[in-house]
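A quick write-up on the structure given underneath.
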Amino acid sequence: MDVTQAITVLIVEDHQVTLDGLRYGLANEPGISVVGTATDSDSGLKLAQNLRPDVVLLDLHLPGQSGPKTMVQAYCNIPGTKVIIFSGEGRMAFIQTVLSLGVVGYLLKSENVSKIAETIQQVMAGKQPIISQELLAGETKVTKSEQEVLKLLSYGMKYQDIAEQRQTSPATVRKQCELLLLKLGLANREELIAWAVKSGYGDCK
Amino acid sequence: MSLNPLLRWRSLWLSSLAKQFAELINGFDIEPPPAKSEVSHKYLAVFIDSIYEQLYSLAHEFNRHLQTTHLRISVIAPETTKETDKPGQPAPESYLRCRASTAAWSLSVRACKGLVEFFLVPVRDLIVLSKAEQDSKLLCKLYLSQDGMFWLKDGLPLSDLEIEVLVKDLFKQLVLAPMRTQESPELENFSNLKGEALTHAIRQLILDKQNLVQKIITQQEEMQKGISRELHDAVISDVLMVKRAFSGDKRLSDEELLEVLDQITHKLRDICHELAPRDLIDWGLPTVIDDMLQRSAERSGCDCSFDHQGELPDLPQAVQLHIYRIVQEALNNIEKYSQASLVRVSLTCSNNELKLTIEDNGQGFEPDKLELRKSRQGGQGMGNLAQRAELIRCFYPARVKVESKQQEGTQVTLEITLQGATANF
């Protein structure tokens, strides 16, 4: 195996068994090389700054940190390093906040090693953001307010008009659309509109 | 809030009466204080007059409904009085006054130079004004804003409607005054003596503190009971089920087991979420409010959305917690009672003000009937909102407003002034 070509990965995870499992699991994946591990956020950050790995696999809740938000921010600020979050936190509002900080992937702890390896390969190939399939439960998780937005989108309305219609701000509509893209696994607004039309939202009422 | 026709007619009649009084007052030879312009003094007179009018109509209404002799209320029209000389006080001032009295208590409104004060005093003390209108009997204070356009309470301007609500509340306190615990008579007699007044104040403070401690402990106990109940009902039974699945003969399949475990995780997380807003410290208000709303949407299927504008300043942890609880409480009320299909939460921050609104399009309620519902259903939601706002006032001037119309929905508004105002008047 050509080590110089391999993607370098740093794992920061406080749960020892999970950490070991990840380290051995990823070590067996071709093209991936685990260059370091840490069990708390401060030493992990130092290590990341020294090693400059391609990818940091980061747990969201670690001992010795001021808060997940500031921690993720600090990791995302390391030049040349992409951050994938590996966490049990499955609530969308929090995931959205984390993604807005600049992480490229968000995986739930229920994922297996091969999926993690696959994600690492994908983000290195430039695809982002990638989030766990489980979170993209498709149409079942589309809330009532999102359905309304989809309906208006499929009428061909712009963010500004949708915001006016719904008596909210364009920023909120944009945020809802971004969340929809994530939930539905779509890439951009055009795809979202196409999806809304195809799914029949334009025919509602 | 809608007036019934009779009331509307009466208020029309009263306002014409009020106009006459206004002319009367303007006719009074009030020596305008040198520092203040004539305009604001006139404004003061009109303002007192409107308060008088509201008191009058309330008293009228009240007397009509309650034909009891001991609670009959009379209202005296605004008049100007000169304060008698008090030892150790600067020059006496002229005050504009009006009063509403029951047999034993009097709600006395006193106004001068951009300041209106409301006192609740025993009628027998009224003869000696300096004794009657002491700070300890002060219910509420309004200041005139710098430009003379608004009345301020706790540093925030009041709308006409709010003044009406305020006066109603003060009136209620007047009516309920006989029910208040009687102050000990000996102490009252000495209240003009400094040393004794001090002792009394200290005693009162100690008593208040004891009550507060009692209240806090009771609340803690209640909370612990709640946790234990929820753990027992929601979690233990599920865990036992998993246990049975491993020991009994009816084995669960892996999928079923995973589902049960998921459920347990979910319930535990809900309990944690309810209790310790760890998330709030970690993620900040906007994210947590967004999350609360998304969960509420999942439960109720409502069209919920969250608007967040402006950068949230660095608020003290306690203030964030109270805001969080206010949202939680309001959303709870919406889910429980409103049958709304649309919920909007918005959080707007400018450099000087934070405004939070929680709106729904549900069935709403009549504010008057809220008291009734409170006792019937054992809820205390709206009262809690006011208490939270009160606690925020330890840091910033803050105000919470609950407006509701039947069949049109409810709007809860919290406003906090962040700078340029002292925390407490």
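Taking chain A on its own, what percent of its Cα-Cα pair distances exceed 25 Å?
43 percent
Name the residue from A:LEU136, A:SER33, A:GLY105 whose Cα lies farthest towards the positive end of the charge dipole of chain A, charges +1 on Cβ of Lys and Arg and -1 on Cβ of Asp and Glu.
Of the listed residues, the answer is A:LEU136.
Given Cβ point charges of +1 (Lys, Arg) and -1 (Asp, Glu) and nothing else, what value in debye, to the nearest 20, does the dipole of segment B:268-335 about its Cα centre take?
That gives segment B:268-335 a dipole magnitude of about 200 debye.
With every protein chain in place, what's the accessible area of A:HIS15 (1.4 Å probe, Å², nearest 10)?
100 Å²
Provide Rg over Rh for segment B:270-368; use the alpha carbon set for both Rg and the Kirkwood Rh (inverse mean inverse pair distance).
0.97
On C-alpha positions alone, give me the angle between the axis of helix A:113-124 and the longest principal axis of chain A, in degrees, nearest 10.
With rounding to tens, the tilt is 70 degrees.
Listed highest first by mean packing, meaning other Cβ atoms within 10 Å per residue, what order do A:75-84, A:122-131 come in? Walk me through the numbers before you get to the answer.
Numbers: A:75-84: 16.8, A:122-131: 15.3.
Highest-to-lowest ranking by the protection proxy: A:75-84, A:122-131.
What FRET efficiency comes out for B:MET223 versus A:GLN5 if R0 is 60 angstrom and r is the Cβ-Cβ distance? Round to the nearest 0.05.
Efficiency at R0 = 60 Å is approximately 0.55.
Roughly what would the spin-label model give for A:ASN50 and A:SER110, points 7 Å off Cα along C-beta, in nm?
With each label point 7 Å from Cα toward Cβ, the separation is 3.8 nm.
Any idea how far the Cα center of segment A:81-122 sits from the one of segment A:7-28, in Å?
15 Å
Measure nothing but the geometry: give the 0 to 90° angle between the long axis through the Cα atoms of A:144-154 and the longest principal axis through the Cα atoms of chain A, rounded to 10°.
With rounding to tens, the tilt is 70 degrees.
Let's test the formula: R0 of 51 Å, r as the Cβ-Cβ distance of A:ALA187 and B:ASP160. What FRET efficiency results, to the nearest 0.05?
0.45
Need one value for B:282-290: mean number of C-beta atoms belonging to other chains within 10 Å of its residues' C-beta atoms.
Whole-number average of other-chain Cβ neighbours for B:282-290 is 5.
Between B:LEU258 and B:GLU366, what length in nm is gained on full extension when 0.36 nm per residue of separation is reduced by their alpha carbon distance?
Numbers: separation 108, 0.36 × 108 = 38.88 nm, distance 4.69 nm.
Result for the pair: 34.2 nm of gain on full extension.
Using 16 Å as the cut-off for backbone N distance, which residues of segment B:269-312 belong to the label zone defined by a point 7 Å from the Cα of B:ASN351 along Cα→Cβ?
Of the residues in segment B:269-312, B:310-312 have backbone N under 16 Å from the label point off B:ASN351.
Provide the FRET efficiency to the nearest 0.05 for the B:ARG269-B:ARG203 pair, computing r from the beta carbons and using R0 = 56 Å.
Step by step, r from the Cβ atoms, then E = 0.75.
In Å², rounded to the nearest 100, what is the total accessible surface buried by chains A and B against each other with a 1.4 Å probe? Each step should come with its number before you reach the end.
Values: alone 10380 and 25850 Å², together 34290 Å².
Using a 1.4 Å probe on protein heavy atoms, the buried area is about 1900 Å².
What is the angle, in °, between the Cα long axis of helix A:16-27 and the longest principal axis of the Cα atoms in chain A? Nearest 10 is fine, range 0 to 90.
It is inclined by approximately 90 degrees.
If amide hydrogens are placed 1.01 Å from N in the peptide plane, which non-local residues have theirs closer than 5 Å to the one on B:PHE150?
Long-range HN contacts for B:PHE150: B:SER145.
The values are calculated or read from the model by the stated rules, or taken from the named source; none is laboratory data. Remember, it's a predicted structure, so these values are computed and weren't measured experimentally. Please note: Cβ atoms are built from the backbone with ideal geometry, for glycine as well, and neighbour counts cover all protein chains shown. Only protein heavy atoms, including side chains, enter the accessible area calculation; ligands, DNA and RNA are left aside. Shrake-Rupley method; radii C 1.70, N 1.55, O 1.52, S 1.80 Å.
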